[in-house]
1. Let me confirm something: among Q10, Q33, which residue is of a type in the set (S, T, N, Q) and under 19 Å from the mean Cα position of the chain (by Cα)?
2. Are any residues in the stretch 115-135 part of a helix (DSSP H, G or I) and without any contact (Cβ under 8 Å) to a residue 60 or more places away in the chain, and if so, which ones?
3. Would you pick out the residues in the stretch 29-59 that are surrounded by 14 or more Cβ atoms within 10 Å (Cβ to Cβ), free of Cβ contacts under 8 Å to residues at least 60 places away in the same chain and out of contact with any Ser or Thr (no Cβ under 6 Å at 6 or more places or on another chain)?
4. Looking at the stretch 109-123, is at least one residue modelled with pLDDT of 55 or more, more than 26 Å from A49 (Cα to Cα), open to solvent by less than 60 Å² (accessible area, probe 1.4 Å) and among the aliphatic types (A, V, I, L, M)?
5. Of everything in the stretch 1-43 that's more than 25 Å from F129 (Cβ to Cβ) and of a type in the set (V, I, T), which residue is modelled with the lowest pLDDT?
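The values are calculated or read from the model by the stated rules, or taken from the named source; none is laboratory data. Predicted model only: the values in this text are computed from it and were never measured. Virtual Cβ from ideal backbone geometry, glycine too; neighbours counted across all protein chains shown. Surface accessibility is based on the protein's heavy atoms, side chains included, excluding ligands, DNA and RNA. Shrake-Rupley method; radii C 1.70, N 1.55, O 1.52, S 1.80 Å.
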Amino acid sequence: MEHLIKKLSQIRLLKWYLVAITLFAIITLLSPQQFPVVAYKLSLVLLSAVVGYHLDRALFPYASPGSYLCTDWKKVGKNFYQIKYKKDGRLYDKSNANYLAEYPVLEPYRMIFAVVLIRRAIIVSAVIFGVTLGL
């Protein structure tokens, strides 16, 4: 039982999931006829977020945020702290990795990386905004 509780406590945004489920339950209890409308609008917003993300990937196929990282995060995965690499002339490994980000960005591309992240956020939010205005 303790193992299950530990796994549940590690779920990202667990509190927000619980708040959303509670709000859905309140809507269903107070105004059951509005539940399909709320579910429809939520599904459109989620669908527009996915469409916005894939639109960004289609418009800028060679400017993915992951392409500016020091290591390929898809290959490294959770084994980041087992990898050694140089930064500022010093070798970093598992023993002194607390100075580094989990997936560090290449030094000359930090500003471009930030712009790419902002670009993606703007495109996704614009698509979500456009779909929600049409509701």
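1. Q10
2. V115, V116, L117, I118, A121, I122, F129, L133
3. If the condition is that a residue be surrounded by 14 or more Cβ atoms within 10 Å (Cβ to Cβ), free of Cβ contacts under 8 Å to residues at least 60 places away in the same chain and out of contact with any Ser or Thr (no Cβ under 6 Å at 6 or more places or on another chain), then V38 is the only one that fits.
4. no
5. Checking each candidate, the answer is I5.
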